[in-house]
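The values are calculated or read from the model by the stated rules, or taken from the named source; none is laboratory data. Computed from a predicted model, the values in this text were never measured in an experiment. All Cβ positions, even for glycine, are placed from backbone atoms using ideal geometry, and neighbour counts span all protein chains on display.
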Amino acid sequence: MKYTIEAIENAKPGMRWEEIGCQWTLGQAYLYSKEAGNDLPNFAEVIWDDDIETILADCRKLGVKEFTISSTFSSLILTIAKFKELGCTLDGIVKIKERYTHFGSDEHTLIPAFKMTVKEA
């Protein structure tokens, strides 16, 4: 991974995301990419609009300057617009590794994702 989130790496079993100090959706994005072997945290599930400000604050606090979004939820365009409004740039579409492999294979399928860069606040 390009960015190591020490708060997650040093977390003890049973800790809650609030105790770790990382917004849970960002934490899941980090774990997704760590498991898949991607360079950047990848948001593969729904990102709630109410969470975006906290996600970006935690990205800045934890040193995450880039991430990807591979989720295909229906209001994704509005979510990306909100990220842009709050200080991100949309840098295009990239290919990332899917989290899981197919049965009998060690290879991860490549899937498209939006690449985002976090600007300083």
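For first residues located in the stretch 53-78 and free of Cβ contacts under 8 Å to residues at least 40 places away in the same chain, partners that are surrounded by fewer than 17 Cβ atoms within 10 Å (Cβ to Cβ) and hydrophobic (A, V, I, L, M, F, W, C) and lie 6+ apart or on another chain with Cβ distances below 7 Å form the pairs E53/L86; S71/V46; F73/V46. What do you reckon, is E98 farther than 16 Å from K119 by Cβ and free of Cβ contacts under 8 Å to residues at least 12 places away in the same chain? No. Among strands (runs of 3 or more DSSP E) entirely within the stretch 8-121, having at least 1 residues that are surrounded by 17 or more Cβ atoms within 10 Å (Cβ to Cβ), modelled with pLDDT under 95 and touching a Lys or Arg at 6+ places or on another chain (Cβ under 7 Å) singles out 108-118.
Of all residues in the stretch 78-85, none are within 11 Å of the chain's Cα centre (by Cα) and of a type in the set (S, T, N, Q).
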